[in-house]
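Colleague: Shown below is the structure under consideration.
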Amino acid sequence: MTLYRCALCGRPAGAKWALTACLGDSTNPGAWRREVLPTCPRCLRALEKAGAEGVKLKRTGERWYGGHAVRRFAAKGMPDSSDG
Ligand SMILES: [Zn+2]
């Protein structure tokens, strides 16, 4: 079994998880990106608890969210669906 380092805090992490990061203006679709990164149980809990607020990393200034369904991403070639 591979032991990873948590992408957020550097602690040992057992598995990779779907995360979403936002750097800068959260209203700008380009500020968002999806990642699959090793995450330790402690950070996963923090992300879960933070929910839509996200967890801000002081080191990078990025805000992190658990999962990939946090934010609607503009998909190329798809009609823009309105809220609701
Ligand atoms: Zn961690």
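The values are calculated or read from the model by the stated rules, or taken from the named source; none is laboratory data. Please read all numbers here as calculations on a predicted model, not as lab measurements. Every residue, glycine among them, receives a Cβ derived from its backbone with ideal geometry; neighbour counts consider all protein chains shown.
Colleague: Filter region 45-74 down to the residues that are part of a loop (DSSP other than H, G, I, E, B), aliphatic (A, V, I, L, M) and over 9 Å from the mean Cα position of the chain (by Cα) and list them by number.
Modeller: L57, A69, A74, listed by residue number.
Colleague: Name the one entry in R11, R33 that is touching a residue at least 12 places away in the same chain (Cβ under 8 Å) and in contact with a helix residue (DSSP H, G or I) (Cβ under 8 Å, 6 or more places away or on another chain).
Modeller: R11 is the lone residue from the list that is touching a residue at least 12 places away in the same chain (Cβ under 8 Å) and in contact with a helix residue (DSSP H, G or I) (Cβ under 8 Å, 6 or more places away or on another chain).
Colleague: Would you please name the residue that is farthest from N28 (Cα to Cα), looking only at residues in region 39-67 that are in contact with a Ser or Thr (Cβ under 9 Å, 6 or more places away or on another chain) and within 14 Å of the ligand (Cβ to nearest atom)?
Modeller: L47
Colleague: In addition: Where residues in region 1-18 are more than 8 Å from the ligand (Cβ to nearest atom) and not hydrophobic (A, V, I, L, M, F, W, C), which of them is modelled with the lowest pLDDT?
Modeller: The first filter runs over region 1-18 and keeps only residues more than 8 Å from the ligand (Cβ to nearest atom), leaving 1-5, 12, 14-18.
Next, from what is left, pick out any that are not hydrophobic (A, V, I, L, M, F, W, C): 2, 4-5, 12, 14, 16.
Details: T2: 75, Y4: 95, R5: 96, P12: 95, G14: 90, K16: 96.
Restricting to residues being more than 8 Å from the ligand (Cβ to nearest atom) and not hydrophobic (A, V, I, L, M, F, W, C), the top hit is T2.
Colleague: Considering each of V70, V36 in turn, give the residue that is surrounded by 10 or more Cβ atoms within 10 Å (Cβ to Cβ), modelled with pLDDT of 95 or more and more than 13 Å from the ligand (Cβ to nearest atom). Explain how you work it out, then say what you get.
Modeller: Values: V70 fails: modelled with pLDDT of 95 or more.
Going through V70, V36 in turn, just one is surrounded by 10 or more Cβ atoms within 10 Å (Cβ to Cβ), modelled with pLDDT of 95 or more and more than 13 Å from the ligand (Cβ to nearest atom): V36.
Colleague: Which pairs do you get when a residue that is over 13 Å from A7 (Cα atoms), found in region 42-71, comes within reach of a residue that is within 15 Å of the ligand (Cβ to nearest atom) and assigned to a helix (DSSP H, G or I), reach meaning Cβ atoms under 8 angstrom, with the pair 6+ apart or on two chains?
Modeller: G54/L47
Colleague: Same structure again: Could you list, in sequence order, the residues of region 3-44 that are within 14 Å of E62 (Cα to Cα), in a loop (DSSP other than H, G, I, E, B) and within 12 Å of the chain's Cα centre (by Cα)?
Modeller: Once the filter is applied, which keeps residues that are within 14 Å of E62 (Cα to Cα), in a loop (DSSP other than H, G, I, E, B) and within 12 Å of the chain's Cα centre (by Cα), region 3-44 yields A7, L8, L23.
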